[in-house]
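Visitor: The structure is given below, and queries will be raised subsequently.
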Amino acid sequence: MPGETDPVASGYTLSNGVWYKDGLSVTPSGVSEFRIVNGNPYWKYRNQYYYNSMNSYTATAWGYSGPCTQAGATCFFVSGHQVFYMSGATCHYNDLTTYAFASSSWGNDGPCAPSTASGIQVIDGALFYTVGTTYYYNDLIAFTAQPASWGYGGSCTQSGASSFRVSGGFPYWNISSTHYYNNLTSFNLSPAYWGTINTYSSGLPAPDTAYNICDYAYIVPPPIPTANSASGVTSGGFTANWSTASGATGYYLDVSANSGFPSFLAGFNNLDVGNVVSRNVTGLSASTTYYYRVRAYDSAGTSGNSTTISVTTAAPPSPPTIASPTILTSGNVGLPYSQSLSASGGVLPYVWSITTGGLPAGLSLSGSGVVSGTPQNTTNDSFTLQVTGSNGLYSSAAFDLSILGAIPPTMVSALIGTNLYISWPTNYLGWELQTQTNSLAVGLSTNWVSITNSTLVTATNIPVYKWVPAQFFRMHFQ
């Protein structure tokens with residue numbers, strides 16, 4: 001509300017249900033919605049709003065205190081030192097200028113808009129509202145006692161006005177693409193309308209600040225929020241959750257190891273978490289039950305406690321266990337090798353690594369636990385492998401892997417025309433085809449010649465010439 005200040009910051013204190021200033025009482029006991037607007041106190045007692053002028057004091061009390069609205073008032077709003085409120089469907093205004101000692105009540109109170117009015121706004125100290133699609137204005141200058149009513153209310157636009165605003169105290173609006181304004185200089189009683197409507201050549205000006213009086217209805221603390229089940233439960237924490245409470249600007253969170261909340265988790269006693277609907281709670285013990293509750297707050301105060309939610313943290317984390325046999329399947333020189341390792345438990349995903357020793361030449365270990373490659377020589381190696389879960393816990397084991405000698409491939413050949421077609425198994429890709437052309441009398445010797453690019457294929461065609469008395473072929477792994 002414009003001009004509103006915090007009561008405590010303004011020097012007011014609350015004791016046993018009574019508000020005081022400078023040691024003198026300002027209100028009776030049991031009031032609600034106590035607020036300071038433009039330096040003066042207002043409050044609600046039962047279903048009626050009150051005002052204290054604070055312009056005098058006695059030995060024990062301040063000023064003249066009395067109701068400033070009818071019973072059952074809603075949408076209470078203060079502009080300057082004047083009060084607007086709704087009584088049923090009708091907007092009322094009170095100028096607070098006089099005090100009736102006989103009834104201990106304040107001001108001249110009366111309707112200022114019809115019961116059919118909607119969109120009631122206070123702009124520059126005057127009242128604007130709509131009836132149907134027409135905007136109305138009330139200058140609030142005069143009060144009629146019988147029957148009680150305020151000001152002169154009448155239309156200030158044609159029907160169907162859009163983009164309505166008040167700028168510099170005067171209304172502006174559009175109808176289709178034409179701009180209009182009203183100078184509000186005179187009032188016509190029958191039919192009731194204000195001023196003179198004129199066209200306006202340029203765009204609509206920036207609006208003055210407008211206050212919808214029903215934006216300030218029942219200034220009370222927000223409702224109790226609904227606490228929801230915890231999520232993200234681990235061995236060391238969880239996320240506390242709750243639903244939004246209407247009007248709340250923030251929430252307080254309590255966490256305890258006891259459902260009665262005789263004590264609190266460190267840092268979680270009335271913790272102001274801000275305007276959020278969840279909060280991570282960490283640093284907890286595993287396999288332990290905790291309890292939490294929340295309260296909503298806004299400028300009017302704090303709600304009651306929500307229901308209590310219990311949550312039990314998870315068991316302590318464990319490392320993964322290696323399930324693969326520690327003697328791995330043997331391999332052969334020159335043949336592709338692949339062995340997948342396995343583990344169980346812990347927290348996925350796993351990462352495998354070598355901690356001591358090394359794999360046979362030509363083999364490597366992937367992070368996902370696959371030993372693969374093509375062994376280069378015979379060996380019997382020992383090494384230690386480690387598997388680590390995503391929670392950082394790990395276990396390790398010693399492994400053995402033997403690489404046996406090469407197994408020569410079986411070659412298949414066929415004479416096709418003047419070419420000799422030779423093929424060998426696909427798992428021998430990378431082996432080299434070699435040849436020599438000695439005579440039968442000489443036979444095999446050491447002068448083997450490699451067939452170009454034969455390591456890239458598993459079949460090839462070799463031209464055969466009749467003047468070559470003998471030609472030998474073999475597979476070789478480098």
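Derivation of every value follows stated rules applied to the coordinates shown; laboratory data play no part. Just so it is clear, the structure is predicted and the values come from calculations on it, not from any experiment. Quick reminder, even Gly has a Cβ in these numbers, built from the backbone with ideal geometry, and neighbours come from all protein chains shown.
Visitor: When only C-alpha pairs under 8 Å and at least 6 residues apart count, what is the relative contact order of the range 227-312, in percent? Don't skip to the end; give the middle numbers.
Guide: On the way: 188 pairs, mean separation 30.8, N = 86.
It comes to 36 percent, rounded to a whole number.
Visitor: Just to be sure I understand the model, the point goes 7 Å from the Cα along the line to the Cβ. What's the resulting F101 to S167 distance in nm?
Guide: 5.2 nm
Visitor: So if I take the centroid of the Cα atoms in the range 244-303 and the same for the range 46-97, what is the distance between those two points in Å?
Guide: Here the answer is 37 Å between Cα centres.
Visitor: What is the pair-distance distribution P(r) of the range 321-404, computed from all Cα-Cα distances in 5 Å bins starting at 0, with each bin given as a whole percent?
Guide: Reading the bins upward from 0: 3, 16, 28, 24, 15, 8, 4, 1.
Visitor: If you take the beta carbon distance between S372 and S263 as r and set R0 to 60 Å, what does 1/(1 + (r/R0)^6) give as a FRET efficiency, to the nearest 0.05?
Guide: On the way: r = 57 Å, r/R0 = 0.95.
Taking R0 as 60 Å, the efficiency between S372 and S263 is 0.55.
Visitor: To continue, here is another question. Name the long-range amide H neighbours of D298: under 5 Å, sequence gap of 5 or more, or other chain; modelled H, no Pro or chain starts.
Guide: HN-HN under 5 Å from D298: T249.
Visitor: Multiply the residue separation of S364 and S159 by 0.36 nm, subtract the distance between their alpha-carbon atoms, and state the gained length in nm to one decimal.
Guide: Computed gain between S364 and S159 is 65.4 nm.
Visitor: Let me ask something additional. Extending each Cα 7 Å along its Cβ direction at T379 and S29, get the distance between those two points in nm, one decimal.
Guide: The modelled label-to-label distance comes out at 9.2 nm.
Visitor: Taking R0 as 41 Å, what's the FRET efficiency between A59 and T249 from their Cβ-Cβ distance, rounded to 0.05? Intermediate results must be reported in sequence, preceding the final value.
Guide: Details: r = 40 Å, r/R0 = 0.97.
In this case the efficiency is close to 0.55.
Visitor: Here is a further query. For D208 and A192, calculate 0.36 nm times their separation in residues minus their Cα-Cα distance, and state this gained length in nm to one decimal. Please list the in-between numbers first.
Guide: Details: separation 16, 0.36 × 16 = 5.76 nm, distance 2.47 nm.
Extending this stretch completely gives an extra 3.3 nm.
Visitor: Which shape class applies to the range 1-119: rounded if a/c is under 1.5, otherwise prolate when a/b exceeds b/c and oblate if not, where a ≥ b ≥ c are the square roots of the Cα gyration tensor eigenvalues?
Guide: Working: a/c = 1.99, a/b = 1.68, b/c = 1.18.
Prolate shape, in that a/c is at least 1.5 and a/b is the bigger ratio.
Visitor: Roughly how many whole Å is it from the C-alpha centroid of the range 340-356 to that of the range 361-388?
Guide: 14 Å
Visitor: To continue, here is another question. Give me the percent relative contact order of the range 321-404, please, defined on Cα pairs under 8 angstrom at least 6 residues apart.
Guide: Answer for the range 321-404 is 38 percent.
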